[in-house]
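In what follows, a single structure is set out as structure tokens and then discussed.
Nothing in this text is a laboratory measurement; each read-out follows from the coordinates by a stated rule. Keep in mind that this is a model prediction, so the values were computed, not measured. Cβ sites come from the backbone with ideal geometry, for glycine too, and all protein chains shown count toward neighbours.
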Amino acid sequence: MTYIFAHRGASKYAPENTMASFQKAIELNADGIELDVQLSKDNIPVVIHDENVKRTTDGKGLVCEYSFEQLQCFDAGNWFSSHFQEERIPSLEEVLIWIKSTPLKLNLELKNTILPHYGMERLVYDLVTKYDLNDRIIYSSFNHYSLRELQRIDRTNEIAPLYSSGLYEPWNYVRKLNTKSAHPHWRTLNASILKSFTKHGIKVRTYTVNDPKKMRWLFDQQVEAIITDVPDIAKNVLDGVHHHKPSKILTILQKLNPL
């Protein structure tokens, strides 16, 4: 079984990292959601990808320069479509309250490679614990020191290093982080690397896979999950992998020798 995670929600169909995109993801039968977390000026974990609000809101400036109340004044939907006008930057707490009532898994990516957001690990962990969601959370980041800090806070936290370059024997690097999960870019993967990940008991969730041909190959390789902007397309491809049409020869034989 390969899980399908909606990248920043169903971000092909709704503005990324908004409640609308998360709701759309569950409507499209995603198994989980991937989202990005940063801190506001007043240390509230908020859900947004870029360090600057300019691309996905009508504001400008760094996320960390605004309080949460100020961030709530920005429109986070109109840039995508007027249909989503007045969507807001959600707080992580708002998302956790919503997701608790769903069966979704949640991949929290800590966006702290460019700006450090000191103390974010503890703030995020405490919120997850508050809503008793620890067993449904996967923490990922390109900042692997941050992932080790999450392990220090609670050794049961599932961490997954993100990477996009061709690491040499990446399964050994992942093992050194004392985890059994990895989130590599799909371009870094081939059958040999995936075989070695499997041999070492490491779960691979790869990003960001939007091409049906790549999806099919990854499903055939039985990766743990793919992270995609188009969970509906991924579901259709996965269903096709599980329900291959019988060959023409088999069809003829069945007609000649019906059960």
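Neighbours of residue 172 by Cβ distance under 13 Å: Lys/Arg scored +1, Asp/Glu scored -1, total +3. Kirkwood-type hydrodynamic radius, the stretch 58-143: 14.7 Å, calculated from all non-identical alpha-carbon pairs. Set against the 2.2 N^0.38 Å expectation for a compact globular protein, the chain has a Cα radius of gyration ratio of 1.09. Near residue 41: Cβ cut-off under 11 Å, other residues only, Lys/Arg at +1 and Asp/Glu at -1. The net charge is -3. Taking only the C-alpha atoms of the stretch 22-171, Rg followed by Dmax gives 15.6, 47 Å. Backbone geometry of the stretch 144-156 corresponds, through the Karplus equation with coefficients 6.51, -1.76 and 1.60 at θ = phi - 60°, to 3J(HN,Hα) couplings of 6, 5, 5, 5, 5, 5, 5, 5, 5, 5, 7, 5, 7 Hz, x marking Gly and Pro.
Converting phi to 3J(HN,Hα) with the Karplus coefficients 6.51, -1.76 and 1.60 and the offset θ = phi - 60°, the stretch 73-80 yields 7, 7, 8, 9, x, 5, 4, 8 Hz in sequence order, with x at every glycine or proline. Ranked by how many other Cβ atoms sit within 10 Å of their own Cβ, fewest first, the residues 185, 117 fall in the order 185, 117.
Cβ crowding within 10 Å ranks 123, 150, 28 as 123, 28, 150, fewest other Cβ atoms first. Its residues counted as N, the stretch 1-101 yields a C-alpha radius of gyration over 2.2 N^0.38 Å of 1.03. Quick one: compute the contact order of the chain, relative version, from alpha carbon pairs under 8 angstrom and 6+ residues apart, as a percent. Value for the chain: 19 percent.
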